[in-house]
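Everything below concerns the one structure shown next.
The values are calculated or read from the model by the stated rules, or taken from the named source; none is laboratory data. Owing to the predicted nature of the structure, the values given are computational and were not obtained by experimental measurement. Using ideal geometry, Cβ is built from the backbone for each residue, glycine included, and neighbour counts are taken over all protein chains shown.
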């Protein structure tokens with residue numbers, strides 16, 4: 001059963017039928033120079049700015065407090081500092097970048113490792129979610145592989161589209177991180193307005209492979225649900241260990257088959273490269 005599933009995923013990746021969806025869990029155990037999860041990031045944001053104790057471990061609420069009482073520029077500056085050190089691509093990033101036939105990669109964290117891994121790719125660009133607080137009336141911005149701002153029409157020329165729904169430190173420091181950032185998106189996401197047409201087109205009929213994603217947080221479940229809407233009817237997720245009730249329900253509802261193994265082992269299975 002497991003071998004059959006692995007072979008199906010490998011075939012799908014090679015054919016461009018499978019869309020990798022990366023979460024911060026890809027950094028687990030890697031000790032990167034940047035925050036590698038929600039708790040690490042909120043701890044970094046609150047190192048020098050005191051926030052109420054009850055929200056000290058709540059990333060979006062703490063970010064909103066900083067935005068309200070210290071200004072949005074302060075929040076952006078703290079995010080820039082948290083991700084200031086360029087992230088060295090992991091084996092997983094390099095493996096995905098080597099699959100030149102992938103039409104779409106989703107990366108739902110703020111580092112720039114996937115961009116760096118794609119640097120030698122012959123044809124790619126990215127679209128990032130942007131905050132209404134900084135770009136009123138815009139949901140996303142498009143960037144070439146050289147980091148230059150461009151328009152949606154450029155996507156048709158890119159073999160691989162990197163979708164950063166939460167933004168990224170590179171190339172323009174776009175961040176979806178505060179409560180108000182999410183509220184703006186959540187008011188429209190059910191009708192898909194914040195999700196670029198190019199992403200909607202490239203996901204159609206394809207399967208998603210979740211890597212480094214956990215679904216204990218409601219926001220993570222909402223974003224994943226809406227991003228994979230109107231794609232294929234079946235997907236996979238590499239998640240090791242015990243699931244929460246919410247995670248299990250979420251996987252069951254969206255017909256996501258879980259591969260209960262470490263991400264490093266899954267990478268060996270997918271690529272034959274020892275991480």
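Brief remarks follow.
- The range 1-22, residues that are under 21 Å from residue 227 (Cα atoms) and either without any contact (Cβ under 8 Å) to a residue 12 or more places away in the chain or in contact with a strand residue (DSSP E or B) (Cβ under 7 Å, 6 or more places away or on another chain) (or both): 9, 12, 17, 18, 19, 20, 21, 22
- Residue check, residue 55 touching a residue at least 24 places away in the same chain (Cβ under 8 Å), in contact with a helix residue (DSSP H, G or I) (Cβ under 8 Å, 6 or more places away or on another chain) and not assigned by TED's automatic domain parsing to the domain that holds residue 209: no
- Residue list for the range 103-127, filter: over 12 Å from residue 146 (Cβ atoms), at pLDDT 95 or above, over 11 Å from the mean Cα position of the chain (by Cα) and in a helix (DSSP H, G or I): 113, 116, 117
- Only listed residue being without any contact (Cβ under 8 Å) to a residue 60 or more places away in the chain and within 15 Å of the chain's Cα centre (by Cα), chosen from 191, 176: 176
- Single unsatisfied condition, residue 190 versus (1) surrounded by 13 or more Cβ atoms within 10 Å (Cβ to Cβ); (2) closer than 16 Å to residue 226 by Cα: (1)
- Scope the range 86-102; condition surrounded by fewer than 16 Cβ atoms within 10 Å (Cβ to Cβ) and not in a loop (DSSP other than H, G, I, E, B); matching residues: 98
- Residue 30 meets all of the listed conditions (1) under 28 Å from residue 202 (Cβ atoms); (2) modelled with pLDDT under 95 but one, namely (1).
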